[in-house]
Amino acid sequence: GLAGMSGAVLGASHVALTDLPENLPLLRRNAALNRLEGDGVEVASLDWTQPLPEALLAGGWDLILAADCVFWEVLFDPLIATLQALLAAAAPSAAAYLTATHRQARLAEFLRRLDGTASLEREALPLPLGLPGTELHRVTLRRGQAVAEGG
C-alpha cells in the first residue's frame, strides 16, 4: 500500500490500493490514517489466482506499481497474467513498475518467466537510492500482440 499511497500524496487522481482480502482491513486503516481513502483512493481485493475485478479492468490506469511481490514461485505465473490483464485494460502508454528483492534465486526465475511472455516487454532500471539486493523493472505490453491466457 505504501507505493500507492505515495502516488496519491504526490497527486495521482485515482489510486487503487490492492491486496488479498484478509489484508484489506489494515490497508483501509493505513489509508484512513493518512487521510486518503475516499479522496480518489479506493481499497480493493486482488487475488492473482482469481479473475480480476471488473472495477480494476475498467480503471484505464496510466501506471501500475507492484512493490515486493515476488515471493512464492507458485504465484509467478498468476502475477504475470495479472500484469498482462491490467496492462491490456490500461491506457496505451501505461507501464507497470515492479520492485523486487533477491530471495533464494526466486527473482531470477520470475524474471526468466516474465521475459518468456511474448506479450510483455521488460526493462531493468537503476534504483535512485541504490538499495542493495533490490531491483526495479519497467514492464509494458507489446501493443498489437494478442494477450493469451498464460502467455
* Among the residues of segment 50-64, write down those that are over 18 Å from residue 142 (Cα atoms) and open to solvent by 70 Å² or more (accessible area, probe 1.4 Å). => 50, 51, 54, 58
* Structure fact -> From the option list 39, 47, single residue qualifying as of a type in the set (Asp, Glu), more than 20 Å from residue 141 (Cα to Cα) and either over 16 Å from the mean Cα position of the chain (by Cα) or crowded, with 17+ Cβ neighbours inside 10 Å (or both) is 39
* Where residues in segment 65-76 are touching a Phe, Trp or Tyr at 6+ places or on another chain (Cβ under 9 Å) and over 13 Å from residue 46 (Cβ atoms), which of them is most open to solvent (accessible area, probe 1.4 Å)? -> 73
* To do: Quick one: which residue in 92, 128, 78 is at pLDDT 90 or above and either within 18 Å of residue 53 (Cβ to Cβ) or outside any strand (DSSP E or B) (or both)?
  => 78
* in contact (Cβ under 8 Å) with a residue 40 or more places away in the chain and more than 28 Å from residue 8 (Cα to Cα) - does that describe any residue in segment 68-91? -> yes
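Take the conditions surrounded by fewer than 12 Cβ atoms within 10 Å (Cβ to Cβ) and either more than 18 Å from the chain's Cα centre (by Cα) or modelled with pLDDT under 90 (or both) and apply them to residue 29. Does it pass?
Numbers: surrounded by fewer than 12 Cβ atoms within 10 Å (Cβ to Cβ): no; either more than 18 Å from the chain's Cα centre (by Cα) or modelled with pLDDT under 90 (or both): yes.
Answer is no for this residue.
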* If you take the residues in segment 95-106 that are in a strand (DSSP E or B) and touching a Ser or Thr at 6+ places or on another chain (Cβ under 8 Å), which one is surrounded by the most Cβ atoms within 10 Å (Cβ to Cβ)? -> 96
* To do: Would you check if there is a residue in segment 108-131 being touching a helix residue (DSSP H, G or I) at 6+ places or on another chain (Cβ under 6 Å), in contact (Cβ under 8 Å) with a residue 24 or more places away in the chain and under 19 Å from residue 4 (Cα atoms)?
  => no
* From 123, 109, grab the single residue that is open to solvent by less than 70 Å² (accessible area, probe 1.4 Å), among the acidic types (Asp, Glu) and not in a loop (DSSP other than H, G, I, E, B). => 109
* To do: Within segment 1-20, track down each residue that is free of Cβ contacts under 8 Å to residues at least 40 places away in the same chain, open to solvent by 70 Å² or more (accessible area, probe 1.4 Å) and not in a loop (DSSP other than H, G, I, E, B).
  => 9
* Asked: Regarding residue 136, is this residue in a strand (DSSP E or B) and under 14 Å from the mean Cα position of the chain (by Cα)?
  -> yes
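The values are calculated or read from the model by the stated rules, or taken from the named source; none is laboratory data. What you see is a predicted model; the values in this text were computed from it and never measured. With ideal geometry, Cβ positions are generated from the backbone for all residues, glycine too; neighbour counts draw on all protein chains shown. The accessibility values were calculated without ligands, DNA or RNA, using every heavy atom of the protein model including side chains. Shrake-Rupley method; radii C 1.70, N 1.55, O 1.52, S 1.80 Å.
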